[in-house]
1. Distances from B:M134 to the same position in the other copies: list them in nm, one decimal, shortest first, using label points 7 Å from Cα along Cα→Cβ.
2. Among A:P114, A:P99, A:P19, whose mean-square fluctuation peaks in a Gaussian network model of chain A (Cα, cutoff 10 Å)?
3. Counting other C-beta atoms within 10 Å, which of A:H110, A:H155 has the fewest, and how do the rest follow?
4. Taking the DSSP beta bridges in the protein assembly as shown as the whole, what percent of them are antiparallel, to the nearest 5?
5. Compute, for segment B:73-114, the length of the dipole vector about the Cα centre, with Cβ point charges of +1 (Lys, Arg) and -1 (Asp, Glu) only. Units Debye, rounded to 20.
6. Please average, across the residues of A:134-145, the number of beta carbons from any other chain that are within 10 Å of each residue's own beta carbon, and give a whole number.
7. Restricting everything to alpha-carbon atoms, can you work out Rg to Rh for segment A:63-164 with a Kirkwood hydrodynamic radius?
8. If you place +1 on the Cβ of every Lys and Arg, -1 on the Cβ of every Asp and Glu, and leave all else neutral, what size is the dipole of the protein assembly as shown about its Cα centre, to the nearest 20 Debye?
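Nothing in this text is a laboratory measurement; each read-out follows from the coordinates by a stated rule. Bear in mind the structure is a predicted one, so any value in this text is a computation, not a measurement. Glycine gets a Cβ as well: all are built from the backbone with ideal geometry, and neighbour counts include every protein chain shown.
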Number of protein chains: 2
Amino acid sequence: MDDHPDRFDDRAPAADYSPFVSDYLLYLLAAASHAASEQFHGQVRECGLKIAEWRVLACLVEQDGQMITRLAQFALYEQSRLTRIIEKMEERGLVSRRPDAADRRRVRVHLTDPGRTVALDLVGKARDHEAALMARLDENARGGLKSSLKALIRHLGADVCGPD
Amino acid sequence: MDDHPDRFDDRAPAADYSPFVSDYLLYLLAAASHAASEQFHGQVRECGLKIAEWRVLACLVEQDGQMITRLAQFALYEQSRLTRIIEKMEERGLVSRRPDAADRRRVRVHLTDPGRTVALDLVGKARDHEAALMARLDENARGGLKSSLKALIRHLGADVCGPD
């Protein structure tokens with residue numbers, strides 16, 4: 001496959017290759033998100049929830065009665081996949097789907113009382129985890145991080161949980 | 001399931017509930033990473049590569065001859081899963097696995113010449129995509145974003161692609 005077996009021992013990049021990965025925005029975003037989420041997702045799983053389920057609950061506790069399209073944007077899942085997840089959440093009594101009062105063709109997802117209890121408990125844990133994480137960053141890193149991320153999300157045309 | 005059907009029409013959060021999701025660090029990280037990656041991952045797939053394969057190539061072009069343990073950390077995949085992905089990459093002639101010269105029990109992954117060509121092409125595209133993305137942010141957002149993400153990764157005990 002390779003005509004230059006010596007090349008295999010050359011573990012340094014070419015002289016004209018400037019370092020890339022360790023300063024690559026998409027990698028830094030993925031690595032930071034992965035590492036931060038791994039810490040908290042252990043607590044989500046301890047509550048018997050999948051990550052998508054936690055995201056749906058967190059979004060509904062803020063704004064109840066959202067449509068699945070909107071929840072899928074927030075949960076970062078495809079709509080068809082999230083629809084199945086929400087069906088299972090309904091079977092477990094965490095949410096309830098009901099037609100929109102004004103337009104009955106639209107279905108809205110609502111928290112049940114037990115769902116709201118679980119959601120509020122986990123939002124409390126998420127706030128604590130975030131506060132502990134932010135406290136470990138120095139003021140410079142902490143100050144601009146969220147606003148920079150929001151600017152990036154805005155420029156990418158993505159959007160956050162809220163009214164539809 | 002719910003004794004208070006009226007609750008279903010209450011779409012506003014409780015009065016003492018302060019907004020959470022739209023300012024939640026883990027959500028901002030996940031949403032920014034998801035949206036930024038979605039843009040570039042289209043180009044990765046056009047090259048006939050999976051995301052994990054692209055991450056392995058990018059890491060090897062920077063530091064050839066890494067071990068799978070290290071590549072799995074970088075690619076954000078479980079080692080067992082990445083081992084299978086690397087076996088497939090070897091079948092396609094993109095990489096080659098060889099024992100470490102000093103300790104033959106350790107296996108190192110090397111780029112083949114065709115693998116290096118694909119990797120350099122995609123790294124070029126990634127640099128272009130990143131430059132375009134950064135150019136859309138104002139100076140404040142751009143200035144601190146990478147250093148804040150690096151601080152966060154460091155505090156989370158995660159690590160970036162590099163020597164093992």
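1. In ascending order, 2.7 nm.
2. Answer for the Gaussian network model of chain A: A:P19.
3. A:H155, A:H110
4. Values: 13 of 13 bridges.
Around 100 percent antiparallel, to the nearest 5.
5. On the way: 10 positive and 7 negative charges, 27 e Å.
It comes to approximately 120 debye.
6. Neighbouring Cβ atoms belonging to other protein chains average 5 per residue here.
7. 1.05
8. Numbers: 48 positive and 52 negative charges, 75 e Å.
It works out to roughly 360 debye.
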